[in-house]
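The values are calculated or read from the model by the stated rules, or taken from the named source; none is laboratory data. Just so it is clear, the model here is predicted, and its values are computed rather than measured. Please note: Cβ atoms are built from the backbone with ideal geometry, for glycine as well, and neighbour counts cover all protein chains shown.
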């Protein structure tokens with residue numbers, strides 16, 4: 001059967017096009033993220049797990065919206081028969097749960113990323129507070145959705161007796177905006193304290209502020225939602241809101257993955273990785289054994305051909321030192337060199353520091369053997 005054409009009275013095909021375009025874009029972005037993470041680190045972390053849940057939820061939500069469009073979403077209400085209308089409303093009802101879940105875990109992914117990025121306890125506490133707010137928002141959004149209309153048909157917002165759906169949707173959208181704004185403000189506050197080149201800092205700021213695109217899409221969603229609050233033809237008028245929802249979902253996922261695109265990986269070379277996290281990824285993440293660590297402080301590495309040069313400075317006061325200028329160069333595993341410098345504490349310039357240079361070499365044919373030469377000054 002030929003696909004219906006887009007007309008002024010039938011916008012269902014347009015809705016389906018937007019749905020699948022946004023989903024494919026989100027999937028490609030997440031794939032690039034995972035490939036980048038695997039290529040450089042050979043491991044996945046909590047933020048990747050959250051991103052994966054977000055993508056799975058978005059995929060299921062998109063399928064349901066496509067089903068709703070096939071049953072008449074984007075068409076006039078008086079052209080739909082009762083079975084079509086019932087199927088449409090049920091698909092929308094289920095899709096709402098998945099939409100809220102998707103954007104929630106996209107937020108969690110970004111928060112987890114920021115938690116790994118900054119060593120400062122205050123920043124992590126702020127991230128924890130934002131996480132709790134997001135969790136509370138998620139619960140208070142999901143529960144009213146489940147019982148938005150009287151049982152046994154809570155999905156029937158056309159004929160059923162329902163809560164103030166517009167007021168509820170405004171609450172969900174406004175809290176969505178506020179949490180996204182906070183997820184822009186926190187990384188910008190972290191960036192403000194970092195001593196990096198202006199061009200690199202501008203690139204990083206641009207990546208973090210890209211989250212404001214989600215805010216703009218949510219604002220459009222709010223405008224259209226309130227415009228058609230008292231509509232008598234909701235199955236047709238709601239197509240604009242549906243398109244905005246798909247864009248919000250897509251941008252939420254994309255903006256949580258931008259930091260793993262090539263510009264961000266390049267920016268990492270200026271020094272935006274926590275020293276402790278770097279050591280953990282180079283050692284714990286790639287064959288480090290805690291049992292061996294007790295015998296050998298350098299641990300046991302079995303990576304094939306590997307060469308690491310580490311130059312570190314130990315400040316006198318580590319409790320108040322914010323590691324602001326850490327240099328990290330990510331190279332292809334098997335043959336890379338990394339130079340890490342931990343900055344001095346500004347209040348202890350007169351104190352002595354210990355600088356240690358360590359060279360590790362692991363030959364391909366002699367895995368497990370480690371030659372170490374150290375020079376202390």
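Filter region 100-125 down to residues that are assigned to a helix (DSSP H, G or I) and more than 17 Å from the chain's Cα centre (by Cα) and give me whichever is farthest from residue 165 (Cα to Cα).
If we take residues in region 100-125 being assigned to a helix (DSSP H, G or I) and more than 17 Å from the chain's Cα centre (by Cα), then 121 is farthest from residue 165 (Cα to Cα).
Conditions (1) in the same structural domain as residue 17 (by TED's automatic domain parsing); (2) at pLDDT 50 or above; (3) assigned to a helix (DSSP H, G or I); (4) over 19 Å from the mean Cα position of the chain (by Cα), marked per residue:
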position	(1), (2), (3), (4)
232	yes, yes, no, yes
236	yes, yes, yes, yes
241	yes, yes, yes, yes
244	yes, yes, yes, yes
249	yes, yes, yes, no
252	yes, yes, yes, no
281	no, no, yes, yes
285	no, no, yes, yes
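What residue, of 128, 136, 143, is in the same structural domain as residue 184 (by TED's automatic domain parsing), part of a helix (DSSP H, G or I), loosely packed, with under 11 Cβ neighbours inside 10 Å and at pLDDT 90 or above?
Of the residues listed, the single one that is in the same structural domain as residue 184 (by TED's automatic domain parsing), part of a helix (DSSP H, G or I), loosely packed, with under 11 Cβ neighbours inside 10 Å and at pLDDT 90 or above is 143.
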Residues within region 1-43 that are assigned to a helix (DSSP H, G or I) and more than 17 Å from residue 66 (Cα to Cα), tallied: 14
Selection status of residue 34, out of contact with any strand residue (DSSP E or B) (no Cβ under 9 Å at 6 or more places or on another chain), under 16 Å from residue 100 (Cα atoms) and in contact (Cβ under 8 Å) with a residue 12 or more places away in the chain: no
Cβ pairs under 6 Å, 6+ apart, first in region 2-28 and without any contact (Cβ under 8 Å) to a residue 24 or more places away in the chain, second surrounded by 13 or more Cβ atoms within 10 Å (Cβ to Cβ): 4/10; 4/13; 6/13; 6/14
